[in-house]
Structures are given as C-alpha cells and as structure tokens.
Amino acid sequence: MANPILKLIAQRIALGLLLLLAVSVLIFAGTQILPGDVAQSILGQSATPQALANLRQELGLNDPAYIRYFRWLGGVLTGDLGTALSSRQDIAHAIGGRLWNTLFLAFWAAIVSIPLAIILGLLAVRYRNGWIDKTISGLALASTSLPEFFVGYLLVYFFAVKWQIFPGISTVYDGMPFLERMKAIALPATALTLVVLAHMMRMTRAAILNVMQSAYIETAELKGLSPFEIIRKHAFPNAIAPIINVVMLNLAFLIVGVVVIEVIFVYPGMGQYLVDHVAKRDVPVVQAVGLIFAAVYIGLNIIADIAAIIANPRLRHPK
Amino acid sequence: MSNELEFLSRSVAAGKLSRRDFLGRAAALGVAATFANSLLASAAKAEGPVKGGILRAGMQGGAATDSLDPASWSSQVPYFFGRQWAEQLVQISADGEPKPALAEEWGASDDAKTWTFKIRKGVQFHNGQEMTPADVVATMERHSDEKAKSGALGLMGGIASVKADGQNVVFTLKDANADLPFLLDDYHLMIQPNGGKDKPDAGIGTGPYKITVNEAGVRLGGEKFANYWRDDRGFADQIEIIVINDATARTSALQGGQVDIINRVEPKIVELIKRVPGVVIQNVAGRGHYVFIAHCNTAPFDNNDLRLALKYALDRDEMLQKILMGYGSVGNDTPINKAYPLFTEMEQRKYDPDKAAFHYKKSGHSGSVLLRTSDVAFPGAVDAAQLYQQSAAKAGITLEVKREPGDGYWSEVWNKQPFSASYWGGRPTQDQMYSTAYYSKADWNDTRFFRDDFDKMLFAARSELDKDKRKKIYADMGQIVRDEGGVITPMFNDFIDATSAKVGGWVPDGNQEMMGGYALSKCWLNA
C-alpha cells in the first residue's frame, strides 16, 4: 500500500476488530461466572425445582461453555443476537429501540457539550489566568466534582418539583412528538453536559496552552496577529489531536456510561436495559449489550486515532 | 353520624385530610377504628366516581424482562398491570372475602372435594370473543401443565380435574379444600381466550382496560374497554403505568404531577412526604412480613431452646420503630396476623433478655451464631440484623452478621443457608401460607419445619367446612409454629403508597399494595 495513511488506518481497524473478538471472549467468560443461575433468577423466589429443571433444559443451559460460545459468536456474525431468555423477545429488535434512545440522548448532550467545552476552553486560553479563566475552570470543576446522581437530583428538585418547567422523569416512547421528546430529555441531557463538560474543557485548555509555548506562536505574536487569530490559526490546529481524543472518550462515556443518569431520570436507554437483564441473569442480552458497548468504545477510539493521524501533517504529507 | 365525623370523612374524601389523621381524629371522638374505616369508604363512595381522564401510576418493580404471560408473573408491575386488563374467576375483596368475578357463584360438595363454579355469561374478551367455560378450563389446564412454567403450578397440584358442564366448570380435587375460591384469586390464573394456549403473552383478557402500550420495564398503558361487563370500576378513559424503580424519582414524579399514584414509599421518608402539599399517604396493614429463618433440622438451630433464645433476644418494638418507622405491626413468630381470616390472638412474645439467656444456657450452645442478611432480603434488612445483634448481645448471645451480595441472594442464601433474613408477601388464607412454607413437603419450607402432627392438622383444617372448628385448628397450629418453629418474625409491614390529592375512590385494601392491585381500575381523577 503506497499511502502510509491508508496503511495506518487499515492497521488500526484490523487491530480494533481483533480487540473486539478478544472482548467477546471476555464477555462470554464473564457472564459464565456470574453467581446464581438464569433459570432461578427468571422464576424468582417462588421457583419450584421441577419448574427450574424444565426451564434449564429448554434454555440449553446444560451444554458445555465453548459450544455455547461458538453458537453465540456465529449468531452475532450473522446479525442474530438471539432471544432474550426472560421475555422471549428478539434481542436485536428490543435493543434497536433502546440503542436509538441512548444515541438520541448522547447526540443532544454532545451537540451542546462539545462546542461549549471547546469554546470555553478557547476563552480560558485567551484570557488565561484572568478572572474569566478562573471562573470557567472553577465552575466546570465544581460541576464535575459533584457526583452525577447528585447533579441529577438537584436538577429534578429545581426544574421538575419546584418550578415544574421540565418533567422529572424522561420516559420517551415511539411516536412521541419531537418537541415533547426534547422536553423530556432536557434534564438528563443537561446533567450529562455538566458531567462531561469540564473534562473536555480542561483538556482543550491544556492542549492549546501547551502549543502556546512553541516558537511559532511567538513568531505569530511578533507578526502582530491578534490573540484570537493566533489561537484559531496556529494553536488550535496543532492541538486538535489531543482534543479529538478527549472528545471521543467523552462521547463513548455518553453512550456506555450513563446508567446512573438513566436510572434517575427513568430514561429507557441501553444502561437501564442492561441492568434489568443482569438482575435477571438474562445472559444473551447481557452479552449482546456488552458487545455493543465494546464496539462503540473501540470504534470511537479508532476514530480518534484516525483523526489524530490525519491531523498530523507529517503523516499527511510524507516525504 | 356526628357532624364532626361527617365533616372529617368528607375532608378525607376530598383529599384534605389523610386517612391516618382521620382515624386519629375519629379515635379522639371515641369511634372504633373499624367503624371509622367503613365511614371513610362510604364517604369516598358518596363523593361519586368521576369518569374520564388519564390515571397514571409510577411504580417500582418492573423490568425490561417482563412479559404479558400471566404464568410468568413474579414482580409488581406485570402483576399490577394484569389486574387492570385481565380477571380471575374469583376476586378477594378489600375485607378479605372471595367475591364473584368471572364466576357468578359457586358451591362445594359436602366433602369439599368437588366444586362447581357457574361462569358468567355475556362477558367479552378484548378481541370481541365471548368468554366461555371452555376458556376457563383451558386456562386451568395451561397452568397445570409443567411446560407452561406457571407460578401457579404449585396451587394447581391439588386439582385432579377441571371440566366444563354446560355453563358450569367443575373442579375435582385430590384432597378436600375449603379454600378453593381463595386459590382461584391467584393473580396467575387470569382467564385468557383458549387459556392462552395459542399465544400466552397476547395480552387479551376481560378486564376493564384493553392494552394499548406494552413497553416492558418502561411504560404500559390501556384504554377503557367499551364492552366491559360491570360499572363499579374502570372510571378513567386511559390508564398508564410508568416504571420508576428509583425511589427518589418516583416521589418527585408524584410531586411534579407526572403521575397520580406511586407504590412503595419508603417508611423513612413518609413523614417528609406527608408535609408535601397535594400528596396523600395511603398506608394499610397487610399480610406481608419480614422474617429471620432458622433451619429446624440443621445444627445448632435443631435445638428448640436455641431457637427460643433467639426469639426472646429480638426487640420487635425497637425494630418496628427503627426499620419501619412504626408503619407496621410487631410479629409473633408466626406468619399469621390479624389480617388473616380465622385469626386467633395469641400472647405477644416480648423482648426478654433474661429468658433469652436462660434458654441459651439450656441449649448448651457456645460461640457465635452466624446470621446472613442482604439489602434485598427486605428493606432495611442489614440495619435490622445489626439491631438484632445488639439486642441479642444484651442476653449474652453473640450474633455474627454477614452481609451477602443482593445478586444471587435468593438462589444461594435464602432457603439454603441455615439462618438468614428474608420476607414473605403473605397469602390470602392461613391454609395457603402454611401450605406454601410450613408443610413438610413444601418446596419453600424455608425453616425446614418437619412435623407430621402439624401436617395432619393442616389437612384437617383444609377439609373442614365448619368455621369454628377450623379456627380452633389454626389457633393450635399457630401456637406450635410460635413456640417450636424456626421462623422469627420481627414485624408485619404496612403497604405504603401515595396518591395526589386529585385521586378519588381510594379505599384501604390490605390484600396487596396499590389497593390490592386495583388502584387504577377503582380510583378516579377528581377534576
């Protein structure tokens, strides 16, 4: 392959797929060592031994683990995630709606938080060590230091209970009008924004400040460019790789790490779905969700890597 | 009725006064609680149901894994939703009596072995089909079939055959059972078209509400079924259940007006919630109870003196105040309380460190006793175990408390380990409670209580149609369990729900939380 960028990208993707395969083994092994038994958990406290034996037989829990692994992997590769043990519903279908909800919430939280974080970061650099910088950093740190459930409860207390501006529970459903849906996710999206904002903002600020020490920035200053021009034209493009990295990490968090927020706001996303099924030992669902989360995480990291590669002029213009 | 009482009961009906406060005021006027309660119910009725609107409940106890197949129900939300869209042959009323539902009337042969139920005519399923005796028979067959994995399989075990005979359905039992109508109230035994054999989770029943939304673990909804057969329920046009498993979110949803009724208000926040304007706490004594269970056949608990020592070493009053904040009643080391039919009062066992020390010494046991507990055993079970540890220490008994993970507690600890914390939801009759957990051969004989004489008394009571004789047998059985059993019962818990002040028609029903499960069907929204 002539173009080194293409080669690097292909390498990254291949590595990612390999990693995903390894993760699938881990997930499968992990679900096998969960305490308790699927049949017992489905039938609950009131299970009779006879009903347990019937259910175990029917679920194929008596086959050896490696056979079940390959059966499962084969299904996943052909797009068949299997059937939920507890509700007998097609997993791919059930996850579809939940994944869409999670992505919807993550998308709007990202739309607000990423530009906001970067702009605040740029402002903090422009007025570094001044009161603007300190205020921005202080507030962002404060919002990050508060645990997310606390931020959530604060928002609920003021916006849902006291002033009753937004609903405190964010149940969304198919066919809900777009505006109502936006209203429903206002509070969880705000909570998520507050949680991820500081990390991205501080990384942006640090990355740009780092570049600001370089000789070419001094040159630009000597040329007489305005501080914003310097940041926009010279510092930001050179700091883009670490910023993309942190943005991707936070995007991944918005998709896979929002269980607590989903529970507090009763939002029907993937996290809640996963928790329900872990509690019921519904292994096929846990495996499927685990795999999707891993794929999202690995995928976003690949994108971050690729973006960093592309952003590097030495790789873009090889000698 | 005195003017003041009338004023008070109207205030409750209008949501201006809580039920508890009313009972307090009524007691101050010298009115017995039972009479005051019935006053309250009639005031609520006199106010008159309001039709229309959407009545919404926010509930704990639902998950994405829930199904509409009644055979599979084991948690609150599917059970509660089922109460609104489907019906059984018999339904137990708020005062604990079996009342006709899809069966118009019934009768037993003298030996209580053959029961005939006359099936109601002109009742429609939501798909337009008429409900027939054949559907009833098919339903019973499905729940008796081991392949259906029904939660009612145990109950059906005592039934030899179910046959249609014209408009009647005849149950022939293997052994006599005077309580069959109570058994048929079981929430799994919802009558479905062809018994649900074609599609168990089709969600088609005869209830007042027809399913419109079924997003398991998120949102469930129904609309009034136009051809519903009776007019004493189904007032709202639509009902909705939103699954809110987080207690704080549930409370704030009620405060914010997104739901009208919530279940499971935690005892420790009841006093706080009472102060919130527009919110009414609805608590009622039920049959559910918390237990510490000791295996009667496993050392060191196979020694009755040790069991008695442990029973005397428990400070029930303290636990009731600190764990349930008084929202309950103390237990007496049996699973039975006054909410059961045919109950006989026994001497209340009290915390007595001296007696505990005496029996402990007599048992000859030395060293510590390991008690396993967990957050999921019952709300506050970990704290309760620690209180128990302290009260036992005063009697010279060392309890070692081990906190087990909630994951797998029901499969690895409860009913396996010799001494652990747990709970029971209670059953409609003493027979069912004892048959489920104290009969030698019961699957959930979680105290490993094996007594031939007790089993014989259980069968004798079951086939006895004479109420006084039955009551006497149950009193004797209670005495045996209290003095020789492995169950240590600190308390019976109240069901604590909350409604907005707009909700009308609420009556105390101790059969289950949420008005015996009928809250959405029997309540209405005042404009």
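Looking only at residues in the range B:372-418 that are among the polar types (S, T, N, Q) and closer than 19 Å to residue B:356 by Cα, the one that is surrounded by the most Cβ atoms within 10 Å (Cβ to Cβ) is B:391.
Residues considered: A:86, A:113. Of these, the only one that is open to solvent by less than 50 Å² (accessible area, probe 1.4 Å) and at pLDDT below 80 is A:86.
Given the conditions (1) in a strand (DSSP E or B); (2) surrounded by fewer than 20 Cβ atoms within 10 Å (Cβ to Cβ); (3) of a type in the set (Gly, Ala, Ser), which single one is not true for residue B:421? Unmet condition: (2).
Any residue that is among the β-branched types (Val, Ile, Thr) and closer than 21 Å to residue B:151 by Cβ - is there at least one of those in the range B:435-456? Taking every residue of the range B:435-456 in turn, at least one turns out to be among the β-branched types (Val, Ile, Thr) and closer than 21 Å to residue B:151 by Cβ. The single condition among (1) in contact with a Ser or Thr (Cβ under 9 Å, 6 or more places away or on another chain); (2) within 13 Å of another protein chain (Cβ to nearest Cβ) that residue A:239 does not meet is (2).
So which residues in the range B:392-418 are in a helix (DSSP H, G or I) and within 13 Å of chain A (Cβ to nearest Cβ)?
If the condition is that a residue be in a helix (DSSP H, G or I) and within 13 Å of chain A (Cβ to nearest Cβ), then B:409, B:410, B:411, B:412, B:413 are the ones that fit.
Would you say residue B:509 is in contact with a Pro (Cβ under 9 Å, 6 or more places away or on another chain) and within 30 Å of residue B:381 (Cα to Cα)? Criteria not met by residue B:509. Taking the condition among the charged types (D, E, K, R) and within 20 Å of residue B:245 (Cα to Cα), does residue A:221 pass? Answer is no for this residue. Take the conditions (1) modelled with pLDDT of 90 or more; (2) farther than 17 Å from residue A:261 by Cβ; residue A:104 misses just one of them, which is (2). Which ones in the range A:155-210 are open to solvent by less than 20 Å² (accessible area, probe 1.4 Å) and outside any helix (DSSP H, G or I)? Selection gives A:168, A:169, A:170, A:171, A:172. For the range B:306-323, the tally of residues that are open to solvent by less than 30 Å² (accessible area, probe 1.4 Å) and at pLDDT 95 or above stands at 11.
For every residue, the table says whether it meets (1) without any contact (Cβ under 8 Å) to a residue 40 or more places away in the chain; (2) of a type in the set (Val, Ile, Thr); (3) touching a strand residue (DSSP E or B) at 6+ places or on another chain (Cβ under 6 Å).
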position: B:489; (1), (2), (3): no, yes, yes
position: B:497; (1), (2), (3): no, no, yes
position: B:508; (1), (2), (3): no, no, yes
position: B:517; (1), (2), (3): no, no, no
position: B:521; (1), (2), (3): no, no, no
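Tell me, yes or no, whether the range B:447-462 has at least one residue that is open to solvent by less than 50 Å² (accessible area, probe 1.4 Å) and either modelled with pLDDT under 90 or within 14 Å of another protein chain (Cβ to nearest Cβ) (or both).
There is no residue in the range B:447-462 that is open to solvent by less than 50 Å² (accessible area, probe 1.4 Å) and either modelled with pLDDT under 90 or within 14 Å of another protein chain (Cβ to nearest Cβ) (or both).
When residue B:236 is tested against (1) farther than 27 Å from residue B:138 by Cβ; (2) within 14 Å of chain A (Cβ to nearest Cβ); (3) in contact with a Gly (Cβ under 6 Å, 6 or more places away or on another chain), just one condition goes unmet, and that condition is (2). For the range A:19-33, the count of residues that are at pLDDT below 80, touching a helix residue (DSSP H, G or I) at 6+ places or on another chain (Cβ under 8 Å) and open to solvent by less than 40 Å² (accessible area, probe 1.4 Å) is at least one. Across the range A:64-75, not a single residue is classified as of a type outside the set (S, T, N, Q), within 14 Å of another protein chain (Cβ to nearest Cβ) and under 28 Å from the mean Cα position of the chain (by Cα). Within the range B:239-260, if we keep just the residues that are within 14 Å of chain A (Cβ to nearest Cβ) and part of a strand (DSSP E or B), the residue that is surrounded by the fewest Cβ atoms within 10 Å (Cβ to Cβ) turns out to be B:240. The set of residues in the range B:468-511 being farther than 16 Å from residue B:335 by Cβ and assigned to a loop (DSSP other than H, G, I, E, B) consists of B:501, B:502, B:505, B:506, B:507, B:508, B:509.
Before we move on, is residue B:179 away from chain A (no Cβ under 11 Å), farther than 22 Å from residue B:72 by Cβ and either out of contact with any Gly (no Cβ under 6 Å at 6 or more places or on another chain) or open to solvent by 10 Å² or more (accessible area, probe 1.4 Å) (or both)? So residue B:179 fits the description; yes.
When B:268, B:274 are checked against the criterion of being in contact (Cβ under 8 Å) with a residue 24 or more places away in the chain, open to solvent by 30 Å² or more (accessible area, probe 1.4 Å), more than 21 Å from residue A:264 (Cβ to Cβ) and more than 14 Å from chain A (Cβ to nearest Cβ), B:274 stands alone in meeting it.
In the range A:283-312, the residue that is farthest from residue A:19 (Cα to Cα) out of those that are away from chain B (no Cβ under 14 Å) and small (Gly, Ala, Ser) is A:311. On the stretch given as the range A:256-282, residues that are more than 12 Å from chain B (Cβ to nearest Cβ) and surrounded by fewer than 23 Cβ atoms within 10 Å (Cβ to Cβ) total 2.
Of the numbered criteria (1) at pLDDT 95 or above; (2) open to solvent by less than 50 Å² (accessible area, probe 1.4 Å); (3) more than 26 Å from the chain's Cα centre (by Cα), the one residue B:109 fails is (1).
Name the residue, out of B:300, B:335, B:341, that is modelled with pLDDT of 95 or more and either over 24 Å from residue B:475 (Cβ atoms) or assigned to a loop (DSSP other than H, G, I, E, B) (or both).
Only one candidate qualifies: B:335.
For the range B:394-403, the condition holds for no residue, the condition being that it is touching a helix residue (DSSP H, G or I) at 6+ places or on another chain (Cβ under 7 Å) and among the acidic types (Asp, Glu). Note on the range B:197-252: residues that are touching a helix residue (DSSP H, G or I) at 6+ places or on another chain (Cβ under 6 Å) and on the phi > 0 side of the Ramachandran plot total 2. Suppose the filter is open to solvent by 20 Å² or more (accessible area, probe 1.4 Å), outside any strand (DSSP E or B), closer than 17 Å to residue B:332 by Cα and not β-branched (Val, Ile, Thr); does residue B:443 pass it? So residue B:443 does not fit the description; no.
The values are calculated or read from the model by the stated rules, or taken from the named source; none is laboratory data. Nothing here was measured: the structure is a model prediction, and the numbers come from that model. Every residue, glycine among them, receives a Cβ derived from its backbone with ideal geometry; neighbour counts consider all protein chains shown. Surface areas here come from the heavy atoms of the whole protein model, side chains and all, with no ligands, DNA or RNA. Shrake-Rupley method; radii C 1.70, N 1.55, O 1.52, S 1.80 Å.
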